[in-house]
Amino acid sequence: MRLNQANRIRAGNITHSLLVAISIAMSQGVGDAQMPVVPREPASPSSTTANDRSRDSQLTSVHEPSDQTATSPCRLQVEDPFAQPPANPAESKSKMGTMDYTPLSTRCKFSLFLKQTHAPSTFVSATFQATLDQAEDQWPEYEGGVQGWGKRFGTTLADTESRRFIQTVALSTILHEDPRYFPSHRRSLISRSWYAATRVAITRNDSGNNTFNTSELLGTLFTSSLQNSYYPRRERNFSETMNRFTGALSSDAIGNLQREFTPDMKRLFRKHAPKEIQKIEEKLPIPADDKP
């Protein structure tokens, strides 16, 4: 019996998520490694004054736009909380709890949508999905050959981009919600996994507070209904629409797991990969966020 598209996407994402989770579980000891603490020497009065000035300038840069902020005011990606583990865990916990929050303007939300639209991963995913659909003879109305593959590729891209625009730009602006994913500050694998999966129902508003993720649910429902305008005729019924709706929510939950643990995998790769491979990775003509 033919599997519908939502179930196939869900099965593929679940498999990928399990592989990520297993890899993280095996590398917990490696990922939590910290840089050695270098003992401090007593500072002279002059150096103390210089340190105070440096600290003041750093505090000012948090609240005032720097040169980099002036040229790129949109903070589209949230900083990884485990990128540089501090030497003092108690101080780290207090800082993470009071981390400054900067909301996205409507223009920044649209910029986030454009960045996701032009990301190489978007086209790679659509290419893989269209090829898999054609190999499994999904949507037989599209037939085979290059023309049939092109229709499946276009349909997959239309699904992805329409939902991103509705959720990331339209609904998040109207409802004053933040479309970004904010990584968990927790340490255990189970707590981080639970946090990531529940971001489908919980997000932040433009004030930085947790709120019900209305833009996610409404955006998914609107997009699943919109697909009835270009899907094959037998896919345009209530049952198939709800299958696509639940499948998309499951896919987003798996996607959040990937966003949560991908930085860990990148750090593990950069730490253990041969230098030759790292040099090749640095020369790849793709954005840093999309590199391995």
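The values are calculated or read from the model by the stated rules, or taken from the named source; none is laboratory data. Predicted, not measured: the structure shown is a model, and the values here were computed from it. Neighbour counts are summed over all protein chains in view; Cβ atoms, including those assigned to glycine, are modelled from backbone coordinates with ideal geometry.
Out of all the residues in the range 232-241, is one or more among the aromatic types (Phe, Trp, Tyr) and either touching a helix residue (DSSP H, G or I) at 6+ places or on another chain (Cβ under 8 Å) or closer than 26 Å to CYS74 by Cβ (or both)? The answer is no; no qualifying residue exists. Within the range 146-178, the set of residues being touching a strand residue (DSSP E or B) at 6+ places or on another chain (Cβ under 8 Å) and of a type in the set (S, T, N, Q) comprises SER172 only. Restricting attention to the range 151-171, the residues being over 16 Å from the mean Cα position of the chain (by Cα) and hydroxyl-bearing (Ser, Thr, Tyr) number 3. Filtering the range 182-208 to residues that are part of a strand (DSSP E or B) and farther than 15 Å from ARG259 by Cβ leaves only ASN205. A Cβ distance below 6 Å, combined with a sequence gap of six or more or placement on separate chains, defines the contacts here; from the range 263-279, residues that are part of a helix (DSSP H, G or I) reach residues that are not aliphatic (A, V, I, L, M) in the pairs PRO263/ASP80; ASP264/GLY31; LEU268/SER27; PHE269/PRO292. In the set (1) modelled with pLDDT of 95 or more; (2) in a helix (DSSP H, G or I), the condition left unmet by THR211 is number (2).
Restricting attention to the range 124-171, the residues that are surrounded by 15 or more Cβ atoms within 10 Å (Cβ to Cβ) and within 17 Å of GLY255 (Cβ to Cβ) total 15. When GLU240, GLU260, GLU235 are checked against the criterion of being within 20 Å of the chain's Cα centre (by Cα) and not aliphatic (A, V, I, L, M), a single residue qualifies: GLU260.
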